[in-house]
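Quick note: the coordinates plus some simple rules give every number you see, no bench work behind them. Computed from a predicted structure; not experimentally measured. Please note: Cβ atoms are built from the backbone with ideal geometry, for glycine as well, and neighbour counts cover all protein chains shown.
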Amino acid sequence: MTLCDNCGSPVTPGDAFCGVCGAFLDWSAAEKADPKPAEQPKPAEQPTPVEQAKPVEQPKPAEAEKPAEPEKPAAEQAAPEEPEEPEEPEEPKRPEEPPVRSRAAALVVPVAEATPPPAAAPTAVPPRISPATDQPGAVQPGRPIAPRPVLREFSDVPDTVGEIACANCGTANPADRAFCRRCGRPLRAEKAVESTRRRWRLSWPTGRGRLRRLLAVLTLVALLAALVWAGMRYGPRAVDAVRDRLAKPELITPNSARASSSATKHGPELVSDGLNNRFWAPVAGHEKKPWVELTFDKPIRVLNVIVSGGVSPQQQDYARQGRPADVLLELWTPGGTRTEKALHLADRAGPQTFGMAVGDVSRMRFTILSGYGLTGGNTSAIAEIEVFRRP
């Protein structure tokens, strides 16, 4: 069984790329399941040791020659042996002195013959195994031989159910492969695209499912219509509210002023002259609900109104005249739309601010409903009215 060199997964014969990691499968890859031992080189023959010269043998001194014994007669030889008398030992002859050269050679110390070291036992070489058919032959070092390409055929791969065609080369691949076996291109991307397309494919249900789908569509349409209506109805108001919150109010002077009645030297124009020591006051006993009205040349969006009641900002002068308590503020647009605001002023000297947000105002009227200190013929007086608009 052939295995992938990169991840170790089993590889189908004939595949050019691994189906798990997509690595290229070299045509010379050997089967990793039954590895074969590599041939071991033969040990080099050891050189034969050179024989050393043998030492020169020294001449031995000549042995003294013994005198030859005389032969005995045959009669004596045949006769029974009688015990012989012990002979007296003869004095050994002195060996002759060797010459001077022989004496010099005798003085040389003999040296034992050098013994060569034992030869190492030869290592057993396993029998040579023929390489696999799909492996290149043995190559001597330094002389590489380029391997020949092997043509791979895919006819031996069994047919599988649910094959995936590669988008690059069109080769059919089994469903469990992640990479194409011919070109190595990833196959999971094609699977993801195909599943996404199937997921977003619309199919109209039948029976009870059709009714549910119809109700869902109608509900969605109604919700969208409600959102559009709410945007058209309350959208401008929401935008104006945001702009009112972020804008800085700007003081504006009215174009004209008029009143229901005015005392001598206390006309309605004094409420917008910018001075708080001059005031407007109605005629005493003339009417129960006096009013003063301001007109603007262009419609404005009113944000704040500041009212200074009484005749003076000084407390000792403030109590000499009547002061307004409850005031009805009416605002009109150029089209005639009327808006009312109820204002309540505290009984103290100085300006009092009232916030509001009314658009397209071209005319506004202040009607005094009640007041402070109206005894003894006193009437309610207003020293100053300041109007602030949105720029």
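Temperature 37 °C, viscosity 0.692 mPa s: under these conditions the Stokes-Einstein estimate for the range 250-389, based on its Kirkwood radius over C-alpha pairs, is 220 µm² per second.
Residues whose amide H lies under 5 Å from that of Phe179, counting only those 5 or more places away or on a different chain, are Leu187; hydrogens are built 1.01 Å from N in the peptide plane. Sum up the charges of everything whose Cβ sits under 11 Å from the Cβ of Arg278, counting Lys and Arg as +1 and Asp and Glu as -1, but leave Arg278 out. With Lys, Arg at +1 and Asp, Glu at -1, the neighbours total -2. Between Ala263 and Leu275, the simple label model (points 7 Å from Cα in the Cβ direction) yields a spacing of 1.7 nm. Rounded to the nearest whole Hz, the Karplus-based 3J(HN,Hα) values (6.51 cos²θ - 1.76 cosθ + 1.60, θ = phi - 60°) of the range 344-359 follow the sequence 10, 9, 7, 7, 8, 7, x, x, 10, 9, 10, x, 6, 9, 10, x, with x at glycine and proline. Taking amide H atoms as placed 1.01 Å from N in the peptide plane, the amide H of Tyr372 lies under 5 Å from those of Arg323, Ala325, each 5 or more residues away in sequence or on another chain.
Amide H contacts under 5 Å for Leu303: Phe388, Arg389, Arg390, restricted to partners 5 or more places along the chain or on a different chain, H placed in the peptide plane at 1.01 Å from N.
Subtracting the Cα-Cα distance of Ala146 and Lys288 from their residue separation scaled by 0.36 nm leaves 39.0 nm.
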